[in-house]
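Participant: Here it is: the structure, laid out below.
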Amino acid sequence: MTMICHLFFISIAFWWIQDLHIERYLRMHEPQAKVMIVMLSVVVGFICSSFFIDIINSILGLSTFTKLF
């Protein structure tokens, strides 16, 4: 489940970052820009995915904690 969530958010980040056309604003060759877009997508997607997974785990932890009382 975690891997699917990571891949989902990475693909969303890749789609979003491609739409920004970063290569227009930075002076670099096209292959360098593509690698940068992929790496940036992985970083942003992983951070967003980890955030949402942590929120879900916290909510599940709270629900089991409240059942104890």
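Participant: What number of residues within region 18-49 satisfy the criterion of being of a type in the set (S, T, Y) and free of Cβ contacts under 8 Å to residues at least 40 places away in the same chain?
Facilitator: Of the residues in that region, 2 qualify.
Participant: Looking for whichever is at pLDDT below 95, part of a helix (DSSP H, G or I) and of a type in the set (D, E) here; the options are D19, D54. Which one fits?
Facilitator: Working: D54 fails: at pLDDT below 95.
Selected residue: D19, the only one of D19, D54 that is at pLDDT below 95, part of a helix (DSSP H, G or I) and of a type in the set (D, E).
Participant: Restricting the search to region 22-51, which residues are part of a loop (DSSP other than H, G, I, E, B) and aliphatic (A, V, I, L, M)?
Facilitator: Those that are part of a loop (DSSP other than H, G, I, E, B) and aliphatic (A, V, I, L, M): L26, M28.
Participant: Working carefully through the options F52, F9, F65, find the one that is of a type in the set (F, W, Y) and open to solvent by less than 70 Å² (accessible area, probe 1.4 Å).
Facilitator: F9
The values are calculated or read from the model by the stated rules, or taken from the named source; none is laboratory data. Keep in mind the model is a prediction, meaning the values are calculated, not measured. As a convention, Cβ positions derive from the backbone with ideal geometry for all residues, glycine included, and neighbour counts pool all protein chains shown. Heavy atoms of the whole protein, side chains included, go into the accessibility calculation; ligands, DNA and RNA do not. Shrake-Rupley method; radii C 1.70, N 1.55, O 1.52, S 1.80 Å.
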